[in-house]
1. In the set A:Leu60, A:Leu123, A:Leu81, which member is free of Cβ contacts under 8 Å to residues at least 40 places away in the same chain and touching a Ser or Thr at 6+ places or on another chain (Cβ under 9 Å)?
2. Looking at segment B:217-240, is at least one residue closer than 18 Å to A:Gly270 by Cβ, touching a residue at least 24 places away in the same chain (Cβ under 8 Å) and assigned to a helix (DSSP H, G or I)?
3. Of the residues in segment A:14-33, how many are within 7 Å of chain B (Cβ to nearest Cβ) and not charged (D, E, K, R)?
4. Within segment B:168-191, can you find the residues that are under 14 Å from B:Asp156 (Cα atoms), at the interface with chain A (Cβ under 7 Å from one of its Cβ atoms) and buried (at least 22 other Cβ atoms within 10 Å of the Cβ)?
5. Give the residues of segment B:23-32 that are over 31 Å from the mean Cα position of the chain (by Cα) and surrounded by fewer than 21 Cβ atoms within 10 Å (Cβ to Cβ), sorted by residue number.
6. Mind checking whether some residue in segment A:272-280 is open to solvent by 10 Å² or more (accessible area, probe 1.4 Å), in a loop (DSSP other than H, G, I, E, B), among the small types (Gly, Ala, Ser) and away from ligand 1 (no atom under 11 Å from the Cβ)?
7. Count, please, the residues in segment B:128-137 that happen to be at the interface with chain A (Cβ under 9 Å from one of its Cβ atoms) and either open to solvent by 10 Å² or more (accessible area, probe 1.4 Å) or of a type in the set (Lys, Arg) (or both).
Amino acid sequence: MTNVAKTDIGPPLYKDQLPEIIKNNYGQWKYHEHVKPGVLKHVAENGDELYTVRVGSPRLLSVETLRWFADLADKYCDGHLRFTSRHNVEFLLTDASKIDALIEEVEAEGWPVGGTGNSLKNLIHTQGWIHCHSAAIDASGIVKSVMDDLYDYFKKDDLPAKLKISLACCLNMCGAVHCSDIAILGIHRTVPKINDEEVSKACEIPNVVASCPTGAIRPNPKKKSVTINEEKCMYCGNCFTVCPGLKIMDPDNDGVAIFVGGKTSNARSGPRFSRLAIPFIPNEPPRWDSTVKAIRNLVELWVENARPGERYGEWIERIGWEKFFDMAGLPFTDKHIDDFIFSVPTFRSTTQFKY
Amino acid sequence: MAKKKRPLLDQLKEGKYPSFVKEMEKMAEKKPAVEDHLNLLERSYEDKTVHWKHGGIVGVRGYGGGVIGRYSDLGDEFPNVKEFHTMRVNQPSGWFYSTETLRKLCDIWEKHGSGITNMHGATGDAILLGTTTEHLQPCFDDLSANGFDLGGSGSDLRTPSACVGPARCEHACFDSLDLCNHLTQEYQDELHRPMWPYKFKIKISACPNDCVSSIARADMSIIGTWRDEIRVDQDMVKEYANNGKDIEGILASCPTDCISYDTEKKEINIDNENCVRCMHCINKLPKALRVGKEKGATILLGGKAPIVQSAFLSWVIVPFMKLESPYDELKDLLERIWDWWDEHAKVRERVGELIYRKGMRVFLKEVGLEPDARMVKYPRANPYIFWWPEEVQQND
Ligand code: SF4
Ligand code: SF4
């Protein structure tokens, strides 16, 4: 039997995946309330009530666990659930009396309910050493270690505002973490190692030359390879993406950089980038103790000092970056000053500052 | 054969948060590839580096994208992950599942691959993580027979994604799920067959809270908004007041100071002409305040991560557009943008970088958009004003 598979059918139609209560009240929601951490209540124009129980997941899920989620959804939610862009699983209930039983069953197996309202949101991250070829750091292991440490902040919702922490294992940022309250980023710090033989076999030289944003790469016609100007290279790894012969990974020098103060929502202040707070922390598998500690310090500082409603970046903008570095006990170094193409608008041209 | 010890990964089975190592171990009992995957990861933890190589060209018949080729650089030592490719499966809009659909996906993936997934990969696809070249086509055949399809990868339209929208949110200013599904279906060819300078991402949030962070994660960000007045339910304002809500404190954070609270009458007054529709007051007082009735979206373009020229947040190119099926105005604009980008971009140049190189002025003219003060934070400060030939007197 050789049936030819149909192509271009697109995803399953979302309408067929919705629970009855959502089909009935699609576009007719009136307001919502925070029942308790991890539990939302949405009320429709006609008075219907929908309860969402949000469960944090480590992104990497086995089909065994997915089937267990399906069993729970059958038992408590008339057979429907959804996933979120922050790797949560959301159970959708119509019967409020079942909420506590569901939470108990989920938490008994070690899955946390939380991440709603002014809480630490579930960490999002990329593949890291699990499955990426250019990762400077692992993703899952750091996220697990940070979440173990900040677990209580996921489970309560009395922080100054919501707190989004994200991780990308290299500058490619599949996870686009550059607008997070706290961004954990894998960085390389050394020039790619040129394997002339592999470059000559596997890479198109003009593409490789063109891939470098700083013009550091020149053809090396003798070896049918390239040379790299070490002074110009900023270790972005873009050349490695187009050419496997320019390995950018360096176990002794790769590590973590931490950026703070970004957001994407328009609420109060507009979307903004995260900015460099800590330029480098070495890779420390399996539990990345220094990274975990640094992030706890950053979180606690904000929790203690921000006004109600202030996101991380809004708090820093109010007090000023110089104060932030003082309060955080972080050295401000030449690494913190931008020297790429859009640097000038980040320099200060006023006599207004604090001591 | 005795199982290898994994003292480093074992330390990630401790702690309160769910452990990805335990998830992998659940599958390792059945799948030799996942046992090897764990052992390879333990080696990465010892060596502090990756053990995966660049992907070769692998895929399924008829498609240029949707499969990410992945090979281990220690394939001889860990033969079961020598080839360990990823398949990206396009999820239903809003990531809703009936348990029947979810179980089908699980069964197919357990049959053809590792049984390891990410139910939300970075672009919004379901990631089926790890299988061999030989299993790709049979896996796709089963997926297709059960109503699934692959998502985008490479230089193509990446799988569009959307916030939960009208399915469960009172703030939704248009039907984000329908639009997402509509665009995905309309542009199947663009999604499955890479033929562009580079990738193009579309993300859709139905209000300015931008729950899918489209402004940072998409070349085209579609963000819901409204044009008329915020709807106020003064009875609910009184209810909040009587329950001790700090209404004044909340309203004090309005970025334009255009909303006030009359403590005597227990009423909220809004100077709507000065409201910038940031959502703050509505988020904090959802029973009393609602988005207006004349709803649509702001269209923004150019967002991307740092590689190559720095990260960009998308820029406003259409301050307000009504979005109703079949979305002709939007699709028309999208196609004009794609044509312009496809014609002018260098290899691996995102549309935002092309606009930066060519100038917003040229972009707007060539795709036929009118300049609008809402597109900029400030007007130009330098005097280097370019003029079109027809705007100056030609002396020859
Ligand atoms: S790592 Fe980046 S800057 Fe360095 S040579 Fe490669 S492309 Fe150029
Ligand atoms: S939406 Fe924002 S700008 Fe408008 S009144 Fe509310 S807080 Fe003020």
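1. A:Leu81
2. Looking through segment B:217-240, at least one residue is closer than 18 Å to A:Gly270 by Cβ, touching a residue at least 24 places away in the same chain (Cβ under 8 Å) and assigned to a helix (DSSP H, G or I).
3. 9
4. B:Thr184
5. B:Glu29, B:Lys30, B:Lys31, B:Pro32
6. The answer is yes, given that some residue of segment A:272-280 is open to solvent by 10 Å² or more (accessible area, probe 1.4 Å), in a loop (DSSP other than H, G, I, E, B), among the small types (Gly, Ala, Ser) and away from ligand 1 (no atom under 11 Å from the Cβ).
7. Summing the residues that are at the interface with chain A (Cβ under 9 Å from one of its Cβ atoms) and either open to solvent by 10 Å² or more (accessible area, probe 1.4 Å) or of a type in the set (Lys, Arg) (or both) in segment B:128-137 gives 1.
Yes/no matrix, rows are residues, columns are (1) at pLDDT below 95; (2) in a strand (DSSP E or B); (3) under 18 Å from the mean Cα position of the chain (by Cα):
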{"site": "A:Asn253", "(1), (2), (3)": "no, no, no"}
{"site": "A:Val256", "(1), (2), (3)": "no, yes, yes"}
{"site": "A:Asn266", "(1), (2), (3)": "no, no, no"}
{"site": "A:Ser290", "(1), (2), (3)": "no, no, no"}
{"site": "A:Ala294", "(1), (2), (3)": "no, no, yes"}
{"site": "A:Leu301", "(1), (2), (3)": "no, no, no"}
{"site": "A:Arg307", "(1), (2), (3)": "no, no, no"}
{"site": "A:Glu314", "(1), (2), (3)": "no, no, no"}
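The values are calculated or read from the model by the stated rules, or taken from the named source; none is laboratory data. None of these values were measured; they are calculated from a predicted model. All Cβ positions, even for glycine, are placed from backbone atoms using ideal geometry, and neighbour counts span all protein chains on display. Just the protein is used for accessible areas: all its heavy atoms, side chains included, with ligands, DNA and RNA removed. Shrake-Rupley method; radii C 1.70, N 1.55, O 1.52, S 1.80 Å.
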